[in-house]
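S.K.: Let me begin by handing over the structure; questions about it come next.
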Amino acid sequence: MTAINEVADLSYEGEIAILTLNSPPVNALAAPVRDGLSLGVKQAAANPEAKAIVIICLGRTFIAGADITEFGKPPKGASLLDTISTMEDAAIPVIAAIHGTALGGGLEVALACHYRVAVPSAKCGLPEVNLGLLPGAGGTQRLPRAIGPEMALGMVTSGEHIGAAHCLKLGLLDAVVEEGKLREGAVAFARQVIDEKRSLRRLRDIDDKLIAARARPEMFQQFRQVNAKKFRGFQSPESNIRCIEAAVNLPFDEGIKVERKLFMELMSGVQSAAQRYAFFAERAVWKLPDVPDDTPTLPVAKVGVIGAGTMGGGIAMNFLNAGIPVTIVETRQDALTRGLVTIRMNYENTVKRGRLTMPDVEKRMALLKGTLSLDDLADRDLIIEAVFENMELKKEVFGKLDKIAKQGAILATNTSYLNVDEIASATTRPESVIGWHFFSPANVMRLLEVVRGARTSKPVIATSMQMARKIGKVAALVGVCPGFVGNRMLAQRQREAQKLILEGVMPWDVDRVLYHFGFPMGPFQMSDLAGLDIGWSKEKSTSSTIREILCEMDRRGQKTGAGFYDYDADRNAKMSPVVEKIILEFAAKKGITRRAINDAEILERCIYPMINEGAKILEEGKAIRASDIDVVWINGYGWPVYRGGPMFFGDTMGLDKVLAKMRQFESEMGPEFAPSKLLEKLADEGKRFLDMR
Ligand code: 3H9
């Protein structure tokens, strides 16, 4: 075996050269990996004894892409495009041997090989779009030549990871070899290539699938139309589409030029910077400064959920999906039955959409047990309470749990607002109590706010984070304060939205501005969807807010056909003259002189106080880092990922500008705009939230 450099080795099995890469954790294409590939291929191809080259990786995966940490820094070593040309130009067959994931630049390396083999568990994908990019090393030109432009369009704009069996069918792979025997399988495949004297299959020279597609130029426009909603606001899907169009219509080298130009444009843009930031932010959340990786964790083999409503049912599904048995408790048989039926129905709907099979459903349902007795939770390792959001009720439940649950069990409360320490005070074991704030629908939404109480033990925190990961959530560890991170910041936006409609605009103006900013919907559309009557009581209602007036009129949102908007039978929203009148009359009654408010003010009034509140949260140590706050907003509240989250957005705007606006609003409108000390400090020092890391 010859070492090519610190990450690449060259060895031989007879006439087959094996170039092995080893650059943990994911063999990303940092400069040494590119150099190792280039030099290794050149050295093997120059050996007259060698008849083929197999490229294989050690560790958990084949190359998972370019090294994202290198982006934006001065280039070092061989470029990826040159490396890839060296491989494709080699005079002997080069074969990629894939395990784990061949992603982004990793798949582009494989596409530059003459053949590709993989184990059944391997996956291939071009996820650059999720980083606001496009495959920038020939991927957009070679992929459509391998699998046809229609499939290529789907792959580059979704970033989906595709399993080996499907890749084989598509023509992306040439063979699938036995699991665990990749090296042997790849070597055997290489021997076959040599024995059969197969040609060097250079994808850049193959265009039969492109020629066929030239007869259907309309496919691109159709693809744009079908996906318009999904791509709204994002720049990278369109650039990806234009590259595939170029592959179909231009010679290879010209297509590469288009790809390079569009790649560089995206790379230098703010959207990709935001999306790359979000990628690392989602991985940073797991790093807890005072709960190190070696903190002991508690075994969680059985889970209990209290409450079989929408939330409880959704929570239970997360664990069933992960193969963990759940006992779910309700107080009445009819509610329990309804809850169990809903869970089954949700699964069966997933079967209808082709994402689950009936045996999968049965397997999950077999792990679920319903009961009317809290005592049945005595053997549970983790119990999550999801009852009505009421402190007295929650304390009563925790008081009972304290007597029933085994010692060491984690007692979690799914509260979105309440004080976890007060809930814990109902037990004799506050160290076991923690908040698990799920977002609705709990089986779908990725975010989990894990709320540490003042006395929550480190093993309970570590186990909660570990379990969150196991059930596929992205979890942010936060501290106790009203509304934690997400709802505390949301309250700022809600307050301003409500004020704005009295001061001069209508709900649809606020919604339009926030929708154009990139949210899936604005605050009033959200209220109508959720129901205006959440937390509203007929008896206590005194027409003191627009919401109360609407609820009193039975305009309680989409479910009643009217709320801030009017709805037709298909739930299409229309601006409501009734609501307009109510708002105008209410404002007049309050003595508010309405004025013209422009879109810029709507946005600043809704967003800047959130950034300011985020700064207070950091100042108080209720979130570990600014990027955790952004993870919360991207994954729990529909903040557009291409704007990186509120704190990243504040940095992008410039904290001095945010501060100046907050001061202006404070002097014009009052103390709710008072800037946080941290915002003042960072702005004065010319720093960003990002610099706090
Ligand atoms: C690209 O290829 C552009 C080219 O087209 C053109 C170039 C000209 N770079 O996710 P994990 C780190 S763009 C640097 O927790 P998993 C990650 O931060 C790239 N670092 O593991 C983490 O570090 P830490 C296209 C990377 O098993 C550690 O590895 N490729 C990269 O859950 C483990 O990661 C992609 O977008 C990287 N490319 O998942 C694929 N990837 O431990 C991105 C990972 O310090 N990667 N790290 O927190 C992934 O999707 C997942 O990491 C993967 C493994 C599925 C591979």
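S.K.: Mind pulling the angle between the C-alpha long axis of helix 182-195 and the longest principal axis of the chain? Nearest 10 degrees, somewhere in 0 to 90.
M.R.: 40
S.K.: Could you sort the peptides 362-369, 41-48, 146-153, 225-232 by per-residue average Cβ neighbour count (10 Å cutoff), highest mean leading?
M.R.: 146-153, 41-48, 362-369, 225-232
S.K.: Suppose a student asked you for the relative contact order of the chain, using Cα pairs under 8 Å spaced at least 6 residues apart; what percent would you report?
M.R.: 8
S.K.: Let me ask another. Between the helical axis of 507-517 and the dominant principal axis of the chain, each derived from Cα atoms, what acute angle in degrees is found, rounded to the nearest 10?
M.R.: 20
S.K.: Please report the Cα spread of the range 599-691 along all three principal axes, rounded to whole Å, starting with the longest.
M.R.: 34, 30, 21
S.K.: Report Rg (one decimal) and Dmax (nearest whole number) for the range 365-408, counting Cα atoms only, units Å.
M.R.: Rg then Dmax for the range 365-408, in Å: 11.4, 34.
S.K.: Across every pair of different alpha-carbon atoms, what Kirkwood hydrodynamic radius in Å does the range 292-428 reach?
M.R.: It is 15.6 Å.
S.K.: Let me ask something additional. What percent of all Cα-Cα pairs in the range 346-493 falls in each 5 Å bin, counting up from 0?
M.R.: Once binned at 5 Å, the Cα pair distances of the range 346-493 give 2, 9, 17, 20, 19, 15, 9, 6, 2, 0.
S.K.: Averaging over every viewing direction, what projected area does the convex hull of the Cα atoms of the range 2-267 cover, in nm²?
M.R.: Seen from a random direction, the Cα hull of the range 2-267 projects 13.2 nm² on average.
S.K.: Can you tell me, using C-alpha contacts under 8 Å and at least 6 residues apart, the relative contact order of the range 599-691 as a whole percent?
M.R.: Relative contact order for the range 599-691 comes out at 31 percent.
S.K.: Please compute the volume of the convex hull spanned by the alpha-carbon atoms of the range 254-359 and report it per residue in Å³.
M.R.: Value for the range 254-359: 222 Å³ per residue.
S.K.: Just need log10 I(q)/I(0) for the range 486-560 at q = 0.13, 0.21 Å⁻¹, Debye formula, equal scatterers on the alpha-carbon atoms, no solvent, rounded to two decimals.
M.R.: Debye intensities relative to I(0), on a log10 scale: -0.39, -1.02.
S.K.: Could I ask something else about it? With point charges of +1 on the Cβ of Lys and Arg and -1 on the Cβ of Asp and Glu, referenced to the Cα centre of the chain, which listed residue (MET155, ILE534, PRO25) lies farthest in the positive direction of the dipole?
M.R.: Of the options given, the answer is ILE534.
S.K.: Probe radius 1.4 Å, ligands and nucleic acids left out: which of SER121, SER676 has the largest accessible area, and how do the rest follow?
M.R.: The ranking, largest first, comes out as SER121, SER676.
S.K.: Which pairs in the list LYS51/LYS257; LYS229/LYS261; LYS395/LYS538; LYS657/LYS687; LYS458/LYS687 are over 23 Å apart, alpha-carbon to alpha-carbon?
M.R.: The pairs that break the limit, which is 23 Å between Cα atoms, are LYS51/LYS257; LYS229/LYS261; LYS395/LYS538; LYS458/LYS687.
S.K.: Still on this structure, I have one more. Kindly express, to the nearest 10 degrees and within the range 0 to 90, the angle between helix 31-45's C-alpha long axis and the longest C-alpha principal axis of the chain.
M.R.: 20
S.K.: Using only the Cα atoms of the chain, construct the convex hull and provide its projected area averaged over every direction, in square nanometres to one decimal.
M.R.: Computing the convex hull of the Cα atoms and averaging its projections yields 33.7 nm².
S.K.: Say the dipole of the range 303-482 comes from +1 at the beta carbon of Lys and Arg and -1 at that of Asp and Glu; which of LEU340, VAL351, GLY309 then lies farthest toward its positive end?
M.R.: Value: VAL351.
S.K.: In addition: Once amide H atoms are placed 1.01 Å from N in the peptide plane, what residues at a sequence separation of 5 or more from VAL305, or on another chain, have their amide H within under 5 Å of its amide H?
M.R.: THR327, ILE328, VAL329, ILE384
S.K.: Assign unit charges at the C-beta atoms only (+1 for Lys and Arg, -1 for Asp and Glu), then state the dipole size of the range 599-691 relative to its Cα centre in Debye, rounded to the nearest 20.
M.R.: That gives the range 599-691 a dipole magnitude of about 180 debye.
S.K.: Roughly what % of DSSP beta bridges within the chain run antiparallel, to the nearest 5?
M.R.: Beta bridges within the chain, antiparallel portion: roughly 35 percent.
S.K.: Might you report the magnitude of the Cβ-based charge dipole of the range 2-267 about its Cα centre, with Lys and Arg at +1 and Asp and Glu at -1, to the nearest 20 debye?
M.R.: Computed about the Cα centre, the dipole is about 640 debye.
S.K.: Can you give the Rg/Rh ratio of the range 344-418, where Rg is from the C-alpha atoms and Rh is the Kirkwood radius?
M.R.: Answer for the range 344-418: 1.10.
S.K.: Under 8 Å for C-alpha pairs, at least 6 residues apart: give me the relative contact order for the range 303-482, rounded to a whole percent.
M.R.: Result for the range 303-482 is 20 percent.
S.K.: Out of all DSSP beta bridges with both ends in the range 303-482, state the antiparallel percent to the nearest 5.
M.R.: Within the range 303-482, antiparallel bridges account for around 15 percent of the total.
S.K.: Something else about it: For the range 487-625, state what percent of all Cα-Cα pairs lands in each successive 5 Å bin, counting from 0 Å until the bin that includes the largest distance.
M.R.: Percent of pairs per bin, in order: 2, 10, 18, 21, 20, 15, 8, 4, 2, 0.
S.K.: Give a residue-ordered list of calculated ³J(HN,Hα) values for the range 333-348 (Karplus: 6.51 cos²θ - 1.76 cosθ + 1.60, θ = phi - 60°; whole Hz; x for Gly, Pro).
M.R.: With coefficients 6.51, -1.76 and 1.60, one gets 4, 5, 5, 5, 4, 4, x, 5, 5, 4, 4, 4, 4, 4, 5, 5 Hz.
S.K.: Turning to a different aspect of this structure: Distance from the Cα centre of the range 530-595 to that of the range 270-342, in angstrom?
M.R.: A separation of 35 Å, based on Cα centres.
S.K.: Give the Kirkwood hydrodynamic radius (Å, one decimal) of the range 117-270, defined as one over the mean of 1/r across all pairs of different Cα atoms.
M.R.: 16.5 Å is the Kirkwood radius here.
S.K.: Round to a whole number: what % of the accessible area of the chain belongs to carbon and sulfur, probe 1.4 Å?
M.R.: So the carbon and sulfur contribution to the accessible surface is 55 percent.
S.K.: Please compute the per residue accessible area over the range 1-142 with all protein chains in place, 1.4 Å probe, rounded to a whole number of Å².
M.R.: 33
S.K.: Would you mind working out the magnitude of the charge dipole of the chain relative to its Cα centre, with +1 at each Lys and Arg C-beta and -1 at each Asp and Glu C-beta, to the nearest 20 Debye?
M.R.: It comes to approximately 660 debye.
S.K.: Can you work out the accessible area per residue across the range 599-691, with the rest of the protein chains kept in place, probe 1.4 Å, in square angstrom?
M.R.: That works out to 35 Å² for each residue.
The values are calculated or read from the model by the stated rules, or taken from the named source; none is laboratory data. In this text, all values refer to a predicted model and were calculated from it rather than measured experimentally. A quick note on method: Cβ atoms are made from the backbone with ideal geometry, for glycine too, and the neighbour counts reach across all protein chains shown. These area figures cover heavy atoms from the full protein model, side chains too; ligands, DNA and RNA do not enter into them. Shrake-Rupley method; radii C 1.70, N 1.55, O 1.52, S 1.80 Å.
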